Amino acid sequence: MADENNSNGKNGKVGLVEQVTTTVKEDIRALKTDIPAKAKEQIDGLKDPTKTQVYTSIFRHKHDDTPRNRALGVLSNVFLHLHPAKINRDAVRYSYTWGMGGITFYLFIILTYTGVLLMFYYHPSKVQAFRDVLYLEHDVPFGKILRNMHRWAAHLMVIAVWLHMFRVFLTGSYKKPREFNWNIGVLLLVFTLLLSFTGYLLPDDQLGFWAVTVGTNMARATPLLGHEGPFGSQLGMTPYNDVRFGLLGGSIVDANALLRSYIWHCIGIPIVASVLMIVHFWRVRKDGGISGPAPVMLAAEADKPRRGPKAAGE
Ligand code: HEM
């Protein structure tokens, strides 16, 4: 038994040494062929980086200037595919769109960014709110510019959204097939105005207090839901259970109204508006891109002589 073990152990050792030797030999043989092949590949890669494995793993198609490659270039790129593969040259001219939809969206991004920064300093309570605004204005480094960026972007967004709507109306872009997107736009307009209105109360100054007092007093007269509105009293509406009471969280503009404004302003309305914007942009794509005076065409195609029956008549 002991002999067997010894001989097995000896044989095992010999087997292992042989195995290692052959593997090392094979590796050396492979290196002799692999290294030159790898070196050639590296040199080829330096000569033409578009042929390297790294490049082709990222960019999966050629880049010759053909309409197909242009479309593939956009569609196969994770960032660029957010944009349409082809767009109507004339439709994206600033003189046509005034860039107002894009500017509105850009202002919304600024508002979100500056708004989140303001949230680090602001407490929505009667004791703190106005003090926080004073603190931001006078003590917080860059607080004044931060607050003013938020205020000015808010004013500009309201102006831009109206101008955008005006442009869409002037170019008749509310017509078929864009009726649905026009309606999404109307909701976006309402939510933009609501963002502005709810933000008004947050500094808890006299201006905001009275603006919101006047604004929410109008809610008393809401048909059916306001205690002074048509059929309101018949439906049992009082100053303590009507729609105004729901908006303010009470019968006067006070601590609850401030808290409700804050939550609507910072969470509720931005979320709804963001979802609507996603739908809005998706619909622009689905409705055939931005409406425009001329059909989709590349600059290169526009210069070429036209073919077909229409060209014969030209
Ligand atoms: C937060 C508000 C809004 C944002 C961020 C926004 C954004 C945009 C953007 C970026 C476009 C692409 C074309 C362009 O820039 O002009 C667009 C198109 C459009 N928007 Fe808006 N929009 C908003 C509100 C509105 C409103 C209030 C309306 C109308 C009631 C509207 C109706 C439309 C329509 C119909 C189109 C397609 C226009 C076309 O094909 O020419 N949008 N929007």
Residue list for the range 41-75, filter: part of a loop (DSSP other than H, G, I, E, B), loosely packed, with under 14 Cβ neighbours inside 10 Å and at pLDDT 80 or above = D48, T66
For R147, all conditions in the list (1) more than 21 Å from T112 (Cα to Cα); (2) among the basic types (K, R); (3) in contact (Cβ under 8 Å) with a residue 24 or more places away in the chain hold save one; what is the number of the exception?
-> (1)
Among residues of the range 76-92 being without any contact (Cβ under 8 Å) to a residue 12 or more places away in the chain and within 16 Å of the ligand (Cβ to nearest atom), the residue surrounded by the fewest Cβ atoms within 10 Å (Cβ to Cβ) is L82
Helices (runs of 4 or more DSSP H) contained entirely in the range 206-286, each with at least 2 residues that are within 16 Å of the ligand (Cβ to nearest atom) and either over 30 Å from H81 (Cβ atoms) or in contact with a helix residue (DSSP H, G or I) (Cβ under 8 Å, 6 or more places away or on another chain) (or both) | 269-286
Of the residues G172, G199, G185, which single one is within 16 Å of the ligand (Cβ to nearest atom), under 16 Å from H265 (Cβ atoms), among the small types (G, A, S) and touching a residue at least 60 places away in the same chain (Cβ under 8 Å)?
-> G199
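The values are calculated or read from the model by the stated rules, or taken from the named source; none is laboratory data. Just so it is clear, the model here is predicted, and its values are computed rather than measured. Every residue, glycine as well, gets a Cβ built from its backbone with ideal geometry; the counts of neighbours run over all protein chains shown.
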